[in-house]
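Each remark here refers to the structure printed beneath this line.
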Amino acid sequence: MSRRTFLLGAGGLVLVGCGGSSGDDGDGAVVRILTVAPTVPPGATSPGATATALPAPELVLSTEEVYQAGAVLVSVTGGVAGGTATWLDKQYPLIQGSQSMFTFTGTGTDVAPGVHQLKVEVTQKNGSKGTLSADITVLATEWTVDSLTFTPEQTAALLDPKTVASELAVLDGYYATRTKEKLWSGGWIVPTEGALTARFGEMRSINGSAPSGHHGGTDIGAIVGTPVVATNSGKVVMARQLQLRGNMVIVDHGGGVLSGYAHMSAFAAGEGQEVKQGDLIGYVGNTGLSTAAHLHWEMAVGGILVDALRFTDGTNGF
Ligand SMILES: [Zn+2]
């Protein structure tokens, strides 16, 4: 396991505005730059032999403190040709951004709070390899609890574990997509106008049962027909009717980040369509397992469902 070593001079933490950052483009949020000396694996060229030819890779993190169900934008600058980030035993290939190579990493709802190590194995353009690492602190999120009542017919027909599992399998298939292209740019926006009616991660007590599970999206209540737009640019990879989530659109933003929009009354975008941030993709509805008209908005990073609002409220640091 490599150890983080700060280079003196540029060492320690340097706070910079995003406009002057050498990390991948953000939305103007402040990012922290960690300058890390790569470790050299056995048999590789010594760092002294390559340092004169290429700038040392730098690890740029959107934040060093991520909440459960948060995401971190991990960028590597310098003469880097490729690499893979490892976070919480999951691997994330770096993809080419506008100013660096980058990936987003996802932190699940059940990750233990505390310090965890992010490791990034990089290959420089001259072929030499190294490992960058940084400690990231996972902060606990307090989950809210909601009590819901369903009719026996709804419960019997729609909460059948097989129905739940088969729909999750469909979604997992899409959310596992790792498009090696950056389709998103800049910041992320809330996709419809309305009141927040259920937070991501909320635990549910159904018909009086003990609270369990974590709500996999953010619910925004609005009247049927309210426009739903893409949270960022990307490509529509799914637009179909599901039993629980009703009419649902999934947009691939590249690099393993996808957004989902459920319970819609109608579609305004089709599979394969490229969309820009703010483009209309559908309308708020009450389709599928839904007790009132609302948008259920999901965000997935590397196949992990994370809190969509953390993409817009600054707590992810981007
Ligand atoms: Zn929901």
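The values are calculated or read from the model by the stated rules, or taken from the named source; none is laboratory data. All of these numbers come straight from a predicted model, not from anything done at the bench. Note that we place each Cβ from the backbone using ideal geometry, even for glycine, and neighbour counts take in every protein chain shown. Only protein heavy atoms, including side chains, enter the accessible area calculation; ligands, DNA and RNA are left aside. Shrake-Rupley method; radii C 1.70, N 1.55, O 1.52, S 1.80 Å.
A few remarks follow.
- Linear extension gain, residue 125 paired with residue 223, 0.36 nm per residue minus alpha-carbon span: 30.0 nm
- Between residue 286 and residue 99, the distance separating the two model label sites (each 7 Å from Cα on the Cα→Cβ line) works out to 4.7 nm.
- Amide N proximity, the range 143-174 versus residue 207 label position 7 Å along Cα-to-Cβ, cut-off under 19 Å: 146-165
- Alpha-carbon centroid distance for the pair the range 203-278 / the range 95-109, whole angstrom: 22 Å
- The slack between residue 279 and residue 181, meaning 0.36 nm per residue of separation minus the straight C-alpha distance, is 33.3 nm.
- Nearby lysines by direct alpha-carbon distance to residue 276 (threshold 25 angstrom, same-chain neighbours under 8 apart not counted): 180, 182, 235
- The range 90-99 - phi-based ³J(HN,Hα) in whole Hz, Karplus 6.51/-1.76/1.60, Gly and Pro as x: 10, 9, 10, x, 6, 10, 6, x, 7, 10
- Share of carbon and sulfur in the accessible heavy-atom surface of the range 145-311 [1.4 Å probe, %]: 54 percent
- The mean accessible area for residues of the range 145-311, using a 1.4 Å probe and ignoring ligands and nucleic acids, is 41 Å² per residue.
- Less than 5 angstrom separates the built amide H of residue 94 from those of 83, 84, 85, all sequence-distant by 5 or more or on a different chain.
- Hull volume in cubic angstrom per residue (convex hull over the Cα atoms of the range 145-311): 99 Å³
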